[in-house]
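S.K.: Once you've had a glance at the structure underneath, I'll fire off some questions.
The values are calculated or read from the model by the stated rules, or taken from the named source; none is laboratory data. In this text the structure is predicted, and so the values were computed from the model without any measurement. Ideal geometry is used to build each Cβ from the backbone, glycine not excepted, and the neighbour counts take in all protein chains shown. Only protein heavy atoms, including side chains, enter the accessible area calculation; ligands, DNA and RNA are left aside. Shrake-Rupley method; radii C 1.70, N 1.55, O 1.52, S 1.80 Å.
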Amino acid sequence: MAGGEFEEGVEFDGAIGRTMYDTPTSKDNTVTVLLPSDKIASLPAQSLVRIKSRSIEKGGDGRQYLGIVVQGLC
């Protein structure tokens, strides 16, 4: 009745987490990434990560970013 079961888009194939929104005025160059509990071990401290922004048509900037894990919380 509400549109059926959720289906993730193909642009998320292979992704293990999602970033939280960051404001354009943010100055600390950090983002928060949410992972399911079974994926936390996949990203130990100092791991390099690729962050793919959504396409411009879907509200992103279409860019890819390279980051490093600096902290984790469990």
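S.K.: May I ask you to list the residues in segment 27-46 that are in a loop (DSSP other than H, G, I, E, B) and either in contact with a Gly (Cβ under 9 Å, 6 or more places away or on another chain) or without any contact (Cβ under 8 Å) to a residue 12 or more places away in the chain (or both)?
M.R.: First, the residues of segment 27-46 that are in a loop (DSSP other than H, G, I, E, B): 27-32, 35-36, 43-46.
Hits for segment 27-46 are LYS27, ASP28, ASN29, THR30, VAL31, LEU35, PRO36, LEU43, PRO44, ALA45.
S.K.: Could I ask something else about it? How about segment 18-44: which of its residues are touching a strand residue (DSSP E or B) at 6+ places or on another chain (Cβ under 8 Å) and of a type in the set (Lys, Arg)?
M.R.: Matches in segment 18-44: ARG18 only.
S.K.: Here's something else I'd like to know. Of all residues in segment 10-26, count the ones that are surrounded by 11 or more Cβ atoms within 10 Å (Cβ to Cβ) and either among the basic types (Lys, Arg) or part of a loop (DSSP other than H, G, I, E, B) (or both).
M.R.: Number of matching residues: 5.
S.K.: Hey, any hits in segment 39-55 for a residue that's open to solvent by less than 70 Å² (accessible area, probe 1.4 Å), of a type in the set (A, V, I, L, M) and under 21 Å from VAL10 (Cα atoms)?
M.R.: yes
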